[in-house]
Amino acid sequence: MRTLRFKVSGQELIRAPGCDFSNIIAGTSGYLQAAFEFGQDWDGTIQVAAFYPYLQSQEVGRLIKDGTCIVPDEITAYDTFKIGVVGQRENGQRITTNLITIKQERGAGQAWQQ
């Protein structure tokens, strides 16, 4: 499993320093994981990672448990995808982040489907 690490501070989502985002290959299934380190603004929130295969697409959400979630299979088929995070407290207060674009290279995954 490959883990893509992010830091979340207030409404800012950034790639974690030292995490290698190169040579991510499209077409994986259940292999890519996103891990998040949250700042204090996010204490007491339920957190969801929002994935977009392209900007105008419908988001695919995944609940973040223990700071991690699996990147959805329907997202990994694309050359790029965007990721952001949403958090909400029981009182309805919501916090959102910017989107980050993740680039993927084409791989041999299509051969598996034939």
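Return the residues of segment 63-73 that are touching a strand residue (DSSP E or B) at 6+ places or on another chain (Cβ under 6 Å), over 20 Å from GLU12 (Cβ atoms) and not hydrophobic (A, V, I, L, M, F, W, C); say none if nothing qualifies. PRO72, the sole residue that qualifies. All of (1) surrounded by 15 or more Cβ atoms within 10 Å (Cβ to Cβ); (2) in a strand (DSSP E or B) hold for GLY27 with one exception: (2).
Yes/no per residue for (1) hydroxyl-bearing (Ser, Thr, Tyr); (2) outside any strand (DSSP E or B); (3) in contact with a Cys (Cβ under 6 Å, 6 or more places away or on another chain); (4) under 21 Å from ALA16 (Cα atoms):
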{"residue": "PHE36", "(1), (2), (3), (4)": "no, no, no, yes"}
{"residue": "ALA50", "(1), (2), (3), (4)": "no, no, no, yes"}
{"residue": "SER57", "(1), (2), (3), (4)": "yes, yes, no, no"}
{"residue": "ARG62", "(1), (2), (3), (4)": "no, no, yes, yes"}
{"residue": "CYS69", "(1), (2), (3), (4)": "no, no, no, yes"}
{"residue": "TYR78", "(1), (2), (3), (4)": "yes, yes, no, no"}
{"residue": "ILE83", "(1), (2), (3), (4)": "no, no, no, yes"}
{"residue": "GLY87", "(1), (2), (3), (4)": "no, no, no, yes"}
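Give THR45, THR76, THR80 a once-over and let me know the one that is crowded, with 17+ Cβ neighbours inside 10 Å and under 23 Å from ARG2 (Cβ atoms). Before you say what the answer is, go through the steps one by one.
Values: THR45 fails: under 23 Å from ARG2 (Cβ atoms); THR80 fails: crowded, with 17+ Cβ neighbours inside 10 Å.
Of the residues listed, the single one that is crowded, with 17+ Cβ neighbours inside 10 Å and under 23 Å from ARG2 (Cβ atoms) is THR76.
For segment 97-114, the set of residues classified as among the aliphatic types (A, V, I, L, M) and either within 11 Å of THR80 (Cβ to Cβ) or at pLDDT 85 or above (or both) consists of LEU99, ILE100, ILE102, listed by residue number. Restricting segment 48-73 to residues that are more than 15 Å from LEU99 (Cα to Cα), of a type in the set (Val, Ile, Thr) and out of contact with any Ser or Thr (no Cβ under 9 Å at 6 or more places or on another chain) leaves a set whose member that is surrounded by the most Cβ atoms within 10 Å (Cβ to Cβ) is ILE64.
Against the condition free of Cβ contacts under 8 Å to residues at least 24 places away in the same chain and under 14 Å from the mean Cα position of the chain (by Cα), how does LEU32 come out, does it pass? No. Applying the set (1) part of a strand (DSSP E or B); (2) surrounded by fewer than 13 Cβ atoms within 10 Å (Cβ to Cβ) to SER22 leaves exactly one unmet item: (1).
In segment 63-85, the residues that are without any contact (Cβ under 8 Å) to a residue 60 or more places away in the chain and under 14 Å from GLY107 (Cβ atoms) form Cβ pairs under 8 Å with partners that are basic (Lys, Arg) and in a loop (DSSP other than H, G, I, E, B), at six or more places apart or across chains, as follows: ASP79/ARG106.
Of all residues in segment 46-96, exactly one satisfies the criterion of being modelled with pLDDT of 95 or more, small (Gly, Ala, Ser) and touching a helix residue (DSSP H, G or I) at 6+ places or on another chain (Cβ under 8 Å), namely GLY87. If you go through segment 2-17 and keep only what is within 16 Å of VAL86 (Cα to Cα) and crowded, with 18+ Cβ neighbours inside 10 Å, you end up with PHE6, VAL8, LEU13.
The values are calculated or read from the model by the stated rules, or taken from the named source; none is laboratory data. Quantities reported herein were computed from a predicted structural model and do not represent experimental measurements. Every residue, glycine among them, receives a Cβ derived from its backbone with ideal geometry; neighbour counts consider all protein chains shown.
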